[in-house]
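Undergrad: There's a structure below that I have some questions on.
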Ligand code: ADP
Ligand code: MG
């Protein structure tokens with residue numbers, strides 16, 4: 001064995017450990033949830049690696065997580081035969097803040113000093129071990145590698161790394177030297193209760209090592225295979241925390257089983273807050289794909305379209321072969337069929353939640369509407385359904401409105417759904433282009449997501465009504481009946497037309513020259529003297545601005 005090498009913790013890690021180690025946090029038991037969750041992930045990742053390298057599983061294919069209390073030594077050891085870690089993994093995973101939740105925890109803690117409840121809310125991952133232990137020893141060997149490693153720390157200055165011959169043949173053993181006041185975590189009954197509270201849903205067996213045969217602590221069978229009636233709300237939520245690596249309350253979940261042509265089960269969640277990496281192309285989490293209860297892969301695009309990328313949870317297929325390769329995953333017709341079935345199910349569920357509780361649905365829309373709208377141009381087949389689900393800000397409502405409600409409020413003679421796009425809702429409300437519409441009592445939808453310009457050009461129509469940008473020349477208001485109270489204003493405006501106006505327009509054309517395509521008199525204005533519009537065949541003004549920005 002080599003001489004130990006001492007490495008410092010990243011400054012944030014030291015700060016984090018200092019906080020969790022000294023926190024008077026009533027639910028210290030969550031450390032076990034974190035370590036068991038990591039061990040279960042390590043087993044999943046080994047399965048995934050074995051898709052292309054079957055030999056990684058050789059000799060030890062029964063994956064499990066074991067807890068081993070030792071009263072004499074006052075240690076609790078968490079053991080898994082999953083993927084394991086090599087030296088680089090140890091340095092980057094157990095010495096820095098690799099995990100988003102942890103980073104967020106530190107951020108929030110900065111604002112609300114001393115609010116230790118946040119530990120439970122965010123989950124501080126591996127470092128939560130220091131809530132109960134004053135020394136942690138990790139011995140680990142990565143699947144397929146010969147060299148084992150020992151990582152050790154008292155949670156103060158840093159950690160030591162040593163080559164280890166006593167590391168498990170494959171996987172990780174985490175030995176916690178329990179603090180004086182944390183000896184309760186040696187008791188079998190306490191461990192049983194913690195695993196049943198937080199880890200009961202795991203597919204991998206979590207076992208207690210004692211005198212005789214190891215005792216399985218979590219329920220047989222993954223959570224999603226159990227009948228709904230046997231699953232408590234708490235269990236659904238704990239499972240969400242584990243699969244999503246999130247600590248918020250899910251907005252909702254959908255647990256289903258398909259039988260017949262295709263056989264699969266699914267448990268999908270919509271988070272209650274936006275995952276931090278929602279717009280990060282390198283995001284790590286998504287829906288997990290299982291085949292007959294065996295983890296295969298996560299975030300498979302051929303299973304979940306990117307406009308539903310906020311979904312978390314699992315899909316478990318009975319039809320795919322267990323030895324499915326990564327190649328097959330990309331082109332599998334079975335996945336393709338599951339994907340469309342899943343999209344239908346999820347959109348259907350959203351629709352029924354929108355009907356049942358509109359206010360609650362709006363909470364969902366505020367968080368994920370911008371992502372869902374990507375489907376409007378990506379998935380033409382679902383466009384109508386997505387337009388039904390979409391909610392908009394408008395000149396006639398403070399809150400959200402659906403297209404159906406908009407259409408119900410249309411003026412006699414109005415054929416189009418009028419929209420305006422921009423970056424800022426308040427600026428849009430003040431836009432001079434809206435004046436003529438306001439004068440006639442015509443409602444205009446105010447769109448502020450960057451995605452809006454893109455789907456609008458693809459969307460065509462909804463319930464026979466086309467979308468029309470008010471910044472286009474063709475937005476002709478003459479055929480639409482005004483609201484009675486506005487007639488007067490209209491007359492006043494018309495009285496301004498005449499030869500004087502023609503002279504003004506001619507003069508403006510000369511003065512502005514090449515900088516504009518045309519100058520026209522318009523009825524869309526009531527109090528502002530001028531506004532910019534795009535010609536009918538030309539690009540929408542806001543879209544043009546977005547594209548100009550992206551070229552810089
Ligand atoms: P998270 O699980 O959200 O990534 P953690 O702090 O719980 O964050 O763990 C940090 C990282 O350490 C994990 O992402 C993983 O790469 C590594 N790790 C922790 N425990 C294990 C383990 N038992 N086996 C393999 N890798 C592990
Ligand atoms: Mg973790």
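Computed from the coordinates by the stated procedures, all read-outs in this text should not be read as laboratory data. Just so it is clear, the structure is predicted and the values come from calculations on it, not from any experiment. Glycine also receives a Cβ, built like all others from the backbone with ideal geometry; neighbour counts cover every protein chain displayed.
Undergrad: What full-extension length gain, to one decimal in nm, is calculated for residue 233 and residue 409 as 0.36 nm per residue of separation minus the Cα-Cα distance? Before the final figure, lay out each step's value.
TA: Details: separation 176, 0.36 × 176 = 63.36 nm, distance 4.07 nm.
Working it through step by step, the gained length comes to 59.3 nm.
Undergrad: Right, something else. Could you tell me how many degrees, from 0 to 90 and to the nearest 10, lie between the Cα long axis of helix 499-512 and the main elongation axis, the longest principal axis, of the Cα atoms of the chain?
TA: On a 0 to 90 degree scale, this one is about 50.
Undergrad: Ranked highest first by average number of other Cβ atoms within 10 Å, how do 128-139, 231-242 line up?
TA: Numbers: 128-139: 22.8, 231-242: 17.7.
Descending mean neighbour count gives 128-139, 231-242.
Undergrad: Compute the length gained on full extension between residue 531 and residue 134: take 0.36 nm times their separation in residues and subtract their Cα-Cα distance, giving the result in nm to one decimal.
TA: That works out to 136.0 nm of additional length.
Undergrad: Can you compute the modelled spin-label distance between residue 483 and residue 53, with each label point 7 Å from Cα toward Cβ, in nm?
TA: Once both label points are built, they end up 6.8 nm from each other.
Undergrad: Label point 7 Å out from residue 156 along Cα-to-Cβ: which residues of region 170-188 have amide N under 17 Å?
TA: 177-180
Undergrad: Given R₀ = 41 Å, what would the calculated FRET efficiency be for residue 396 paired with residue 263, taking r from the Cβ atoms and rounding to 0.05?
TA: With a Förster radius of 41 Å, E is 0.25.
Undergrad: Sticking with this one: What area, in nm² and to one decimal, does the C-alpha convex hull of the chain cast on average over all directions? Intermediate results must be reported in sequence, preceding the final value.
TA: Values: hull surface 129.4 nm².
Averaged projected area of the chain's Cα convex hull equals 32.4 nm².
Undergrad: To continue, here is another question. Going by average Cβ density within 10 Å per residue, which order do the peptides 510-520, 391-401, 412-422 take, highest to lowest? Can you show the working numbers first?
TA: Values: 510-520: 9.5, 391-401: 16.6, 412-422: 18.9.
Ranked from most to least packed, the peptides come out as 412-422, 391-401, 510-520.
Undergrad: Right, next: For a quick protection proxy, order the peptides 433-440, 85-92 by their average other-Cβ count within 10 Å, most packed first.
TA: Working: 433-440: 22.0, 85-92: 16.6.
Final packing ranking: 433-440, 85-92.
Undergrad: Helix-only estimate, please: 222 nm mean residue ellipticity of the chain, summing -39500 (n - 2.57) across DSSP H runs of length 4 or more and dividing by its residues, to the nearest 500.
TA: -10500 deg cm²/dmol
Undergrad: Further, regarding this structure: Grab the Cα-Cα distance for residue 86 and residue 188, subtract it from 0.36 nm times how many residues apart they are, and report the gain in nm with one decimal.
TA: Computed gain between residue 86 and residue 188 is 33.6 nm.
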